[in-house]
Amino acid sequence: MTTTSPPQPGELSLPARPGWPDATGHFGVFGGRFVPEALVAALDELTEAYEAMRVDPAFLAEFARLQRDYTGRPSPVTEVPKFAEHCGGARVLLKREDLNHTGSHKINNVLGQALLTKRIGKSRVIAETGAGQHGVATATAAALMGLSCTVYMGEEDTRRQALNVARMRLLGAEVIPVTTGSRTLKDAINEAFRDWVTNVETTNYVFGTVAGPHPFPAMVRDFQRVIGDEARAQVLEREGRLPDAVLACVGGGSNAIGIFTAFVPDDGVRLLGLEAGGDGVDTERHAATITGGSPGVLHGARSYLLQDEHGQTIESHSISAGLDYPGVGPEHSYLHDIGRAEYRPVTDAEAMEAFALLCRTEGIIPAIESAHALAGAMKLGQELGTGALLLVNLSGRGDKDVETASRWFGLGDREEVDPGPGLDTDQQPTEGAVSNHEAAAGQEAGEQA
Amino acid sequence: MSALAQRIEAAKAQGRAALIAYLPVGYPDVDGSIAAMVAAVEAGADVIEVGVPYSDPGMDGPVIQEAVDVAVRAGVGMRDVLRAVGAVADAGAVPVVMSYWNPIERYGVDRFAADLAAAGGAGAITPDLIPDEAEEWIAASDRAGLDRVFLVAPSSTDARLAATAAASRGFVYAASTMGVTGTRATVGDAAEVLVARTRQAAPDRHVCVGLGVSNGDQAAEVAAFADGVIVGSAYVRELLEGRGAAGVRALTEDLAGGVRRAGARA
C-alpha cells in the first residue's frame, strides 16, 4: 500500500492515491468496466482528460478557489459533548459537510466533474438523482459554469419531491421523470446511461457517487477525499492525535470514501461504514448492500449488490432516499474484503432516534442519511467506552427531511407530542398519514452517500 | 467451425445475408416466447437470439425493457432460457443466448457454459461484457466449445475493433448507431462504415448489424453490406401489440424477403 502524506486544506495538489484501483479501474476483484462497447471511447476520453487535469496547476487552483469561495471550505469540525453523553463516554467530533453550499458533500464532486466537462469541450451534463441532492448539486454547478443540464429522476420521486424538482428547474435544469423498470434511482441511472450513449458527442455524465464504471469510482473519490484530508489535519491540530474510529453512512458510498481515504494508511484508526438497515437486514426491506448482499455486476462495475437467485437486482428500502440504493461503490467492497473497513447496518428506527437526539442536544438537524452514522457512533461508543475519540462525517443537513421526520414522530398538527430522544420510534403512522417508508422514499439527501 | 459461422456461411452460399431474430424468454410468458421463437424459425430466421430477462437492461430501449420487465417480475430464469434454447435447436435454427453479464455470473460462468452447450446453444452475446473484462468467459466458452459474440460501436477505435473481433467467435455484433435498441426510420451510413472498418481490422470475421432494423426494406439495405441482419425491437413490438406468433411469422417473412432482395454481396 502506498502511504499518503498528510495534506493541508487548500494545498495545490491532489494527494497521492492509495495503491488502488489498478490502471484499468480494479479494486481487487471489484470495479472495472461492465458497459456497452459504445461507452468505452467516452470512458477512455474521460479517464485520459481527468488524469491530465488532476496534475494541472491551473485546474487545481480553480478547483481550490471554488471550494473555498463557492462551497465554503474548509468545513469545520464540531465537538458534540451533549450528544456524546449517549455514546458510552466516547467523545464525538462531527465533520460538518452539512454546512457546504447546497447542504451536503455532493457539491465537492460536481464542481470537479463540471470543470472536467468544460475541459473536454462538452456543453451538456446529465445526472441521475434518487430524490434530489445530487441533482440539485449538478444543476447548481451547471448554472455556475454555463452548461446545459438534464437530470433523470424516478417518476415517483419527482411527484413526492416536487420542491426539489422546482429547485432544479429554478437553476435551469431539465428534469426528466423515469418511468421504466422499478421507477427508482437505479432506473434513473439506467436512463442516464442510455442518454449518454446516445449523446456522448456533446454530453458528459456527472455521476453522483463512487460507483459506476472506471474512472468514476476513483475520480469521485479524488474529488471527495478533501473531507478526510481536512478532517485528519483538523483532528491532529486540535487533539494532537488521530481519532480511534471514523464513521460515515454508506449508500453508494461517496461521503464515506471521502472521509475514509486520508485515514486508510493509519492502521490504528477503525473505519466504520453504516448501511441502511431499513426494517432490519433479516427482513426484505433494507438497503444494506455489503451486510446483506453478494458480489455481482450492476451499473458498470463489480461490487456487492442486492440480487435474487437469477441475478436480478432487488429493490432496496430505507427511510433515507440517499441510502436507498441496491449497489455500493467497488472500493467499499474491496475495503470490506481486505478487512480495512467494517460495515454495519443501522435500522430506520435507530437512525431516527439518533436524528432526534442530535436535534435536541446540539441544535443541529442532520440529514437522515448522516443520522445513520450518528447511530453507529452511539453503538461504537458503548463498545469502546470512555476516552475513545470518534470522528463522524455529518454528510448533509436535514432541512429536506423535516417532512419525513414530522411524519415519523407524528408531529405536524399533533401539538402535544414530544419528539424527544426517548420517543418510541416504532410507533405506527397516524391514520391517513403516509407511511414512514412512503414518506421517506422521496426524500432528498446525501443520496447514494 | 463455429455453429454461428457455419450458418452464416450457408446463407452466404445462397447469396444472401443471415437473418437473426431476438426474442426475450418469458414474454408474454415462457411458453408464449418459445412459440414465437419457433414461429420465427419456421418462417425463415437462421439464428435466434434467446434473450435472458434482466432487471437493468442498460443497452435496451423502452420496447424491449417493457417486455423483459414482465419476464423479470414472473421470475423467469436460466432454466427457462435453456428450455427455449433447446426448442430453437429442435426447430432447426441456431440458438445463441443474449444476456447481460450478471445473470450469467450469478448462475455460474462454467455451469452456464456447460449447460448451454448441453442444451444445444451455439454461444452467447454479451452486450455489457467487453473483452477487457471477459477472461473468465473466454476460458469457459473455450472449454465448452461455445461461440462468444462481443459488440463493436461507431465510437470504437481501430485498435479496439481489432481486439474485440479477435476475441469474438461466431460473428462480431456491429451496433449500427450510438444509442440503445429500438426501431428507427433509417439505419444510417454509420453502420456501413463500421462494418467496413471492422472487416479491415479483422478480415476473417463475420460482421452482423443490429440496432434499428424493423422491416424488409431496411433488412435489404443492411444485407447489402453485412453478413447478417439482427432484428429485435420490431419482434418484441409484435408481441407487445398482441399479434403473437402470427405477427412474428409475418414479420419474419418480410425480413427474410429483405435479406434475399439484397443479392450477393460483391
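What to note about this one:
- Contact annotation: residue pairs with Cβ atoms under 8 Å, 6 or more positions apart or on different chains, pairing a residue in segment A:264-279 that is assigned by TED's automatic domain parsing to the domain that holds A:L323 and over 21 Å from A:H372 (Cβ atoms) with a partner that is among the acidic types (D, E) and in a loop (DSSP other than H, G, I, E, B), are A:G268/A:D244.
- So B:D128, is it in contact with a Ser or Thr (Cβ under 6 Å, 6 or more places away or on another chain) and surrounded by 17 or more Cβ atoms within 10 Å (Cβ to Cβ): no
- Among residues of segment B:132-160, those that are part of a helix (DSSP H, G or I), within 12 Å of chain A (Cβ to nearest Cβ) and in contact with a strand residue (DSSP E or B) (Cβ under 9 Å, 6 or more places away or on another chain), counted: 3
- B:A87 vs. criteria crowded, with 24+ Cβ neighbours inside 10 Å and over 22 Å from B:T177 (Cβ atoms): no
- Selection status of A:R241, surrounded by fewer than 20 Cβ atoms within 10 Å (Cβ to Cβ), charged (D, E, K, R) and not assigned by TED's automatic domain parsing to the domain that holds A:A139: yes
- Test: residue in segment A:327-342 that is within 14 Å of another protein chain (Cβ to nearest Cβ) and either surrounded by fewer than 24 Cβ atoms within 10 Å (Cβ to Cβ) or at negative phi (or both): yes
Listed here are the residues, each with its yes/no results for (1) modelled with pLDDT of 95 or more; (2) over 17 Å from the mean Cα position of the chain (by Cα).
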{"residue": "B:T157", "(1), (2)": "yes, yes"}
{"residue": "B:F171", "(1), (2)": "yes, no"}
{"residue": "B:R184", "(1), (2)": "no, yes"}
{"residue": "B:A190", "(1), (2)": "no, yes"}
{"residue": "B:T198", "(1), (2)": "yes, yes"}
{"residue": "B:A219", "(1), (2)": "yes, no"}
{"residue": "B:V229", "(1), (2)": "yes, no"}
{"residue": "B:G263", "(1), (2)": "no, yes"}
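- Residue match in segment B:179-193 (condition: of a type in the set (S, T, Y), more than 14 Å from chain A (Cβ to nearest Cβ) and under 25 Å from B:A10 (Cα atoms)): no
- For B:A35, the conditions (1) assigned to a helix (DSSP H, G or I); (2) more than 11 Å from every other protein chain (Cβ to nearest Cβ); (3) surrounded by 24 or more Cβ atoms within 10 Å (Cβ to Cβ) all hold with the exception of (3).
- Residues that are away from chain B (no Cβ under 14 Å), out of contact with any Leu (no Cβ under 8 Å at 6 or more places or on another chain) and not hydroxyl-bearing (S, T, Y) do occur in segment A:174-197.
- Selection count, segment B:62-92, where residues are under 18 Å from B:A114 (Cα atoms) and touching a residue at least 40 places away in the same chain (Cβ under 8 Å): 6
Let's see how each residue does on (1) within 14 Å of another protein chain (Cβ to nearest Cβ); (2) within 26 Å of A:K122 (Cα to Cα):
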| residue | (1), (2) |
| --- | --- |
| A:R17 | no, no |
| A:A23 | yes, yes |
| A:V29 | yes, no |
| A:E37 | yes, yes |
| A:A41 | yes, yes |
| A:L46 | yes, yes |
| A:R54 | no, yes |
| A:S75 | no, no |
| A:R96 | no, no |
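- Scanning segment B:54-96 for residues that are part of a loop (DSSP other than H, G, I, E, B) and either small (G, A, S) or over 30 Å from B:A10 (Cβ atoms) (or both) turns up B:Y54, B:S55, B:D56, B:P57, B:G58, B:G61, B:A74, B:G75, B:V76, B:G77, B:G92, B:A93.
- Restricting attention to segment B:39-60, the residues being surrounded by 22 or more Cβ atoms within 10 Å (Cβ to Cβ) and either under 14 Å from B:E238 (Cα atoms) or of a type outside the set (D, E) (or both) number 15.
- Members of segment B:163-178 that are over 25 Å from B:G51 (Cβ atoms) and away from chain A (no Cβ under 13 Å): B:A166
- Residue within segment A:73-83 that is under 27 Å from A:M145 (Cβ atoms) and in a helix (DSSP H, G or I) present: no
Each row is one residue, and each column tells you yes or no for (1) in the same structural domain as A:Q312 (by TED's automatic domain parsing); (2) of a type in the set (S, T, Y).
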| position | (1), (2) |
| --- | --- |
| A:V165 | no, no |
| A:A173 | no, no |
| A:T179 | no, yes |
| A:A192 | no, no |
| A:W196 | no, no |
| A:T203 | no, yes |
| A:E230 | yes, no |
| A:V235 | yes, no |
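- Applying the criterion of at least 2 residues that are touching a helix residue (DSSP H, G or I) at 6+ places or on another chain (Cβ under 6 Å) and among the hydroxyl-bearing types (S, T, Y) to the helices (runs of 4 or more DSSP H) found wholly in segment A:147-203 leaves an empty list.
- Any hit, segment A:321-330, residues being among the acidic types (D, E), touching a Lys or Arg at 6+ places or on another chain (Cβ under 7 Å) and closer than 22 Å to A:Y205 by Cβ: no
The values are calculated or read from the model by the stated rules, or taken from the named source; none is laboratory data. Everything numeric here is computed off the predicted structure, so don't read it as measured data. No Cβ is skipped: glycine too gets one built from the backbone with ideal geometry, and neighbour counts run over all protein chains shown.
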